[in-house]
Amino acid sequence: MLRAIVFDFDGVVLESADLKTDAFIEMFAHHGPDVAAKVREHHLANLGISRFKKFEWIYANVLQQPLSEAQSQALGEQFSTLALDKILAAPFVPGALEALQGLSQRLPLFVASGTPQAELELIIERRGLRGYFREVWGTPTEKPVILRDLMARFGFAAAQMLFIGDGLSDYKAAAAVETAFLARDTAALAATWREKAVRKSPDLRALPAIIDAWAEDWHGEWAGLGDDAGANA
């Protein structure tokens, strides 16, 4: 029986994932097209991971330069300058707002995001979404830690939670705690989701109906992340 839903945010609630990709590319474009391509590839392979961890990887593995804490914080501020206003104006993922409005009357909803905590709270407040979520969690807390903490504090079994995400970090977090996972299927990771054979949906328009249609044996049907769940939900 489903007792809680946890949402990633960018690319799941708001159509903001591409905005962040563009911001990463713009920040490092002056290093040349080869660097920009590697930055884009790493970012897309690590959707939902803290931007600061990405900065560390880029400096160590692409630029091969040291990165001080002060430089990292300056990069974070630059990223926010490039992306925040666009995120605040981004459209909802189709069906997301309606799903939040309906499901929040039935179940506790949570956010587990790779966005820094203060910025995440600002975006959710400014977009008028705070009333739909029991709690919202961003970085530096990592997603498996967030999920385990919610399970411990609220008494949710792994089989009673659903995590909805659009990145491999979301999939891995769900797998780490053995909870069910639903992928928001986008072009960036379409091949990955086919390879992983996860449950997926192109948007959230059908989410309430999907949940209503799930069998009582929630864990047996949905938490097996590598089972026969290849078709769109």
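Tabulated data
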{"quantity": "Of all residues in the stretch 26-62 being in a loop (DSSP other than H, G, I, E, B) and in contact with an Asp or Glu (Cβ under 9 Å, 6 or more places away or on another chain), the one that is surrounded by the most Cβ atoms within 10 Å (Cβ to Cβ)", "calculated": "GLY48"}
{"quantity": "Options PHE52, PHE110; residue that is closer than 18 Å to GLY138 by Cβ, assigned by TED's automatic domain parsing to the domain that holds PHE156 and touching a residue at least 24 places away in the same chain (Cβ under 8 Å)", "calculated": "PHE110"}
{"quantity": "Residues satisfying the stated conditions in the stretch 137-184, i.e. small (Gly, Ala, Ser) and over 12 Å from the mean Cα position of the chain (by Cα)", "calculated": "ALA152, GLY155, ALA157, ALA158, ALA159, ALA175, ALA176, ALA180"}
{"quantity": "Hits in the stretch 82-121 - residues which are of a type in the set (A, V, I, L, M), over 19 Å from ILE146 (Cα atoms) and part of a helix (DSSP H, G or I)", "calculated": "LEU82, ALA83, LEU84, ILE87, LEU88, ALA96, LEU97, ALA99, LEU100, LEU103"}
{"quantity": "Scope the stretch 63-100; condition of a type outside the set (A, V, I, L, M) and either surrounded by 13 or more Cβ atoms within 10 Å (Cβ to Cβ) or touching a strand residue (DSSP E or B) at 6+ places or on another chain (Cβ under 9 Å) (or both); matching residues", "calculated": "GLN71, SER72, GLY76, GLN78, PHE79, SER80, LYS86, PRO91, PHE92, PRO94, GLY95, GLU98"}
{"quantity": "Hey, ARG148 farther than 20 Å from ALA17 by Cα, surrounded by fewer than 21 Cβ atoms within 10 Å (Cβ to Cβ) and modelled with pLDDT of 90 or more or not", "calculated": "yes"}
{"quantity": "Matching residues, the stretch 53-86, being more than 18 Å from ASP170 (Cβ to Cβ) and within 17 Å of the chain's Cα centre (by Cα)", "calculated": "ALA83, LEU84"}
{"quantity": "Residue match in the stretch 31-45 (condition: touching a residue at least 60 places away in the same chain (Cβ under 8 Å) and outside the structural domain of LEU162 (by TED's automatic domain parsing))", "calculated": "yes"}
{"quantity": "Meets criteria (in contact (Cβ under 8 Å) with a residue 40 or more places away in the chain, assigned to a helix (DSSP H, G or I), of a type in the set (A, V, I, L, M) and outside the structural domain of ARG134 (by TED's automatic domain parsing)) for ALA23", "calculated": "yes"}
{"quantity": "Filter pass, ILE210 being in a strand (DSSP E or B) and among the β-branched types (Val, Ile, Thr)", "calculated": "no"}
{"quantity": "Residue check for LEU19: more than 20 Å from PRO140 (Cα to Cα), crowded, with 19+ Cβ neighbours inside 10 Å and within 12 Å of the chain's Cα centre (by Cα)", "calculated": "no"}
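The values are calculated or read from the model by the stated rules, or taken from the named source; none is laboratory data. Just so it is clear, the structure is predicted and the values come from calculations on it, not from any experiment. For neighbour counting, all protein chains shown are included, and Cβ atoms are generated from backbone atoms with ideal geometry for every residue, glycine included.
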